[in-house]
Amino acid sequence: MVADPACDSVRRWGLAQKNYAGRRPVWREMALPATVLIERDGTVRWMHVPADFRVRQTVDEVLASCRAALAPSEGTAWTR
């Protein structure tokens, strides 16, 4: 979880979206939900941003995606 009330980090990650609020101000900036797997060196290994902000992945889907992202590629040695 990241608290970012000014949406600064959200904009840097490209996760800001204008959303119709139906009241004044009519349009507001909203953070799209995202799940990000980041290596210790800051490398983004995997990222999921749903097409519909109301839909979230299940825990099992996130874990399966993380396992797949961390699996060694065919023909490469796995070192940690």
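Below, the figures for the structure above:
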{"read-out": "Count - residues of segment 33-68 that are of a type in the set (Gly, Ala, Ser), assigned to a helix (DSSP H, G or I) and surrounded by 13 or more Cβ atoms within 10 Å (Cβ to Cβ)", "value": "1"}
{"read-out": "Selection count where residues are touching a strand residue (DSSP E or B) at 6+ places or on another chain (Cβ under 8 Å) and either in contact (Cβ under 8 Å) with a residue 40 or more places away in the chain or within 28 Å of Ala64 (Cα to Cα) (or both), scope segment 14-48", "value": "17"}
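Throughout, read-outs are computed from the coordinates displayed, never taken from laboratory work. These numbers come from a predicted model, not from an experiment. Reconstructed Cβ throughout: ideal geometry from the backbone, glycine too, with neighbour counts over all protein chains shown.
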